[in-house]
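Working notes, structure below.
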Amino acid sequence: MKKYFVLFLAIGLVLVNCKKNDDDGVTPVVATEDPVEDPVVEDPVVETLADYPVQLFMWQAMNAYYFWQSDVPDLADSKLDLAEADFVDFLSAKDNPSDFFFDICNNHINVVGEAAAVDRFSFLSEDYRDLVQGFSGVSKSDGVEFGLSLYSGNNIFGYVRYIVPGSDADGKDVKRGDIFTGINGTSLNLDNYQDLLFGDIDTYIMNFATIENNTISPNGRELSLTKQEGLSENPILISKVIERDGIKIGYLLYNSFIATYDEQLNDAFGEFKTAGVTELILDFRYNGGGRVSSAIQIASSVYGTKTDELFLKARYNDKIQSSFNPGDGEDNFFSTTLNDTPINALDLSRVYVIATGSSASASELVMNGLEPYVDVVHVGTTTVGKNEFSVTFVDDRDNGFIYNADREANINPDNQWAIQPLLGRNENADGFSDYTGGLIPDHVLQEDITNLNNLGDPIEPLLALTLSVISGSTGKTNFEPIFPVDLISSSAVMKVTNNTMLMDGLIKPSVTKDKQ
């Protein structure tokens, strides 16, 4: 506990003046002592738990729910037995709530680096509203979705993956396959790309380049782009039926699991069903995850509305698991959307999934959850390996800190922070969840910078390879990339749904304990 003491001392001076003697005819005068002031001691400033509401909220939520709680000494239940002064000392050791959060995580990547990290994906936000909007597909963006790759030492180039409809970039001279190497005239490299691309600059100049003979060179073309607040992106970028050799194939390019668009997602499967598709391609190549409920809906549309069959089994920490009754934390396939609309199901025995190193969380959950029931044919590259799920927590103590849109008025007005820690792992019906290293493709193919083509076009390499697998003609075409992507990052890092598997409603707000 921090205490501050201030002590003031008053010193009295004794001044004595003497006359020579009484014969001088002057009455001797003796100076009296100045009044001595009592020492003034201010009361020490005693800090309490109320002085650290953000850290206290974080600790209590993490102590109750964090997947690795039992492995982290700073999250041990024994801290509840500390005297308040000692507990306040612990909370106050990190004035910055962000530092406090990452330090109490289990070897978080932000603290120990990727090589030693146990927790690679827990994160937080200073304002819970930013998280809520992000999970609804609303963000601040110019609409250029891109990947970043290394070339020539530590230099970086970007390539445009697609343009978000209705964005600032929509309608401008920028398209899929364009290459850029600089921002505002500064060449991108490992040291500056985060500041240049993901910093606070809203309007900037993108400097383009050209690839010739496997060499990337600036070409002098540039374009001004502006990030706009509140950009909504429909995750269903392409939904179409492709006919090949008499086979009707449904193709869905789906970029994020966002519940706001679940009804449109169901409509897309309704169109597939009406068209009589017998094969399905789910293109998750840029899908970093999102809501588990949307993942279960897609899986149900693929396999069927078999509500008596298990899709996932959520495994939490021992504290939560011990509070469960049989069947708690489990979800079967759905028969309706969250809005009670009957799900359009194709009842397939096989599904083709295009997935890459940008596919994570809920994307991987669909693949793993369907595996016990459906032949999942994976085309692309190894996925991220994000097999943990999370929940949004806010300072709403009476609801166990779990965010609920109907309870925003109950969130502590002095603490608007939100945390998104990892809570557990989802097993499939076979009990499998061990894919931290990513899901391995059956047919390997990287994107080729020199041959991207338009998404959804049957000649686009990843789609073309998938179609050839369906038709059984994979040996007739050479799909080997000329200039493969060496991905180091992408614009998806700015999306809340990236590398996120957001669980809905599977835990009850009853396991937290207050520090008395």
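The values are calculated or read from the model by the stated rules, or taken from the named source; none is laboratory data. Here the structure is a predicted model, which means the values were calculated and not measured. Positions of Cβ are generated from backbone atoms using ideal geometry, with glycine treated the same way; all protein chains shown enter the neighbour counts.
So in segment 66-76, with the set limited to residues that are in a helix (DSSP H, G or I) and not hydrophobic (A, V, I, L, M, F, W, C), which one is surrounded by the most Cβ atoms within 10 Å (Cβ to Cβ)? Can you show your working first?
Of all residues in segment 66-76, those in a helix (DSSP H, G or I) come to 69-71, 73-75.
Then drop every residue that is not not hydrophobic (A, V, I, L, M, F, W, C), which leaves 69-71, 73-74.
Details: Gln69: 22, Ser70: 14, Asp71: 13, Pro73: 9, Asp74: 15.
The residue in question is Gln69.
Please enumerate the residues belonging to segment 150-189 that are touching a Ser or Thr at 6+ places or on another chain (Cβ under 9 Å) and part of a strand (DSSP E or B).
Tyr151, Asn155, Ile156, Phe157, Gly158, Tyr159, Arg161, Ile179, Thr181, Ser187
Is it the case that segment 79-90 has a residue that's closer than 30 Å to Leu223 by Cα and out of contact with any Ser or Thr (no Cβ under 9 Å at 6 or more places or on another chain)? Give the derivation first.
Just the residues of segment 79-90 that are closer than 30 Å to Leu223 by Cα, to begin with: none.
Taking every residue of segment 79-90 in turn, none turns out to be closer than 30 Å to Leu223 by Cα and out of contact with any Ser or Thr (no Cβ under 9 Å at 6 or more places or on another chain).
Residue-by-condition table, conditions (1) surrounded by 13 or more Cβ atoms within 10 Å (Cβ to Cβ); (2) in a loop (DSSP other than H, G, I, E, B):
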{"site": "Val46", "(1), (2)": "yes, yes"}
{"site": "Ala64", "(1), (2)": "yes, no"}
{"site": "Ser78", "(1), (2)": "no, no"}
{"site": "Phe87", "(1), (2)": "yes, no"}
{"site": "Lys94", "(1), (2)": "yes, yes"}
{"site": "Asn106", "(1), (2)": "yes, yes"}
{"site": "Phe121", "(1), (2)": "yes, yes"}
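For the structure I just gave you, tell me whether Asn214 is at pLDDT below 95, surrounded by fewer than 17 Cβ atoms within 10 Å (Cβ to Cβ) and more than 33 Å from the chain's Cα centre (by Cα). Before you say what the answer is, go through the steps one by one.
Values: at pLDDT below 95: yes; surrounded by fewer than 17 Cβ atoms within 10 Å (Cβ to Cβ): yes; more than 33 Å from the chain's Cα centre (by Cα): yes.
So Asn214 passes the test.
Report those strands (runs of 3 or more DSSP E) wholly inside segment 344-452 carrying at least 1 residues which are among the aromatic types (Phe, Trp, Tyr) and more than 23 Å from the chain's Cα centre (by Cα).
On the way: elements: 350-355, 375-380, 388-390, 418-420, 422-427.
Where strands (runs of 3 or more DSSP E) fall fully within segment 344-452 and carry at least 1 residues being among the aromatic types (Phe, Trp, Tyr) and more than 23 Å from the chain's Cα centre (by Cα), they are 350-355.
For Val160, all conditions in the list (1) among the hydrophobic types (A, V, I, L, M, F, W, C); (2) in contact with an Asp or Glu (Cβ under 7 Å, 6 or more places away or on another chain); (3) within 15 Å of Leu231 (Cβ to Cβ) hold save one; what is the number of the exception?
Result: Val160 fails condition (3) only.
Among residues belonging to segment 404-434 that are without any contact (Cβ under 8 Å) to a residue 40 or more places away in the chain and under 14 Å from Val132 (Cα atoms), point out the one that is surrounded by the fewest Cβ atoms within 10 Å (Cβ to Cβ). Give the derivation first.
Taking segment 404-434 first, the residues without any contact (Cβ under 8 Å) to a residue 40 or more places away in the chain are 404, 406-410, 413.
Okay, now just the ones that are also under 14 Å from Val132 (Cα atoms), so 404, 406-408.
Details: Asn404: 15, Asp406: 7, Arg407: 13, Glu408: 13.
The extreme case among them is Asp406.
Of the residues that make up segment 334-348, is at least one touching a Ser or Thr at 6+ places or on another chain (Cβ under 8 Å), under 26 Å from Phe67 (Cβ atoms), assigned by TED's automatic domain parsing to the domain that holds His443 and surrounded by 19 or more Cβ atoms within 10 Å (Cβ to Cβ)?
yes
If you check Ile242, Ile249, which single one turns out to be in the same structural domain as Thr497 (by TED's automatic domain parsing), within 19 Å of Asn454 (Cβ to Cβ) and crowded, with 20+ Cβ neighbours inside 10 Å?
Details: Ile242 fails: crowded, with 20+ Cβ neighbours inside 10 Å.
Answer to the selection: Ile249.
Scan segment 379-403 for residues that are surrounded by fewer than 21 Cβ atoms within 10 Å (Cβ to Cβ) and farther than 21 Å from Trp59 by Cβ and report the count.
2
Quick test for you: out of Gly270, Gly220, Gly304, Gly290, pick the one residue that is assigned by TED's automatic domain parsing to the domain that holds Ile201 and of a type outside the set (Ser, Thr, Tyr). Quick ask: steps written out before the conclusion?
Working: Gly270 fails: assigned by TED's automatic domain parsing to the domain that holds Ile201; Gly304 fails: assigned by TED's automatic domain parsing to the domain that holds Ile201; Gly290 fails: assigned by TED's automatic domain parsing to the domain that holds Ile201.
Answer to the check: Gly220.
Kindly provide the set of residues from segment 178-188 that are of a type outside the set (Ser, Thr, Tyr) and buried (at least 16 other Cβ atoms within 10 Å of the Cβ), ordered by number.
Asp178, Ile179, Phe180, Gly182, Ile183, Leu188
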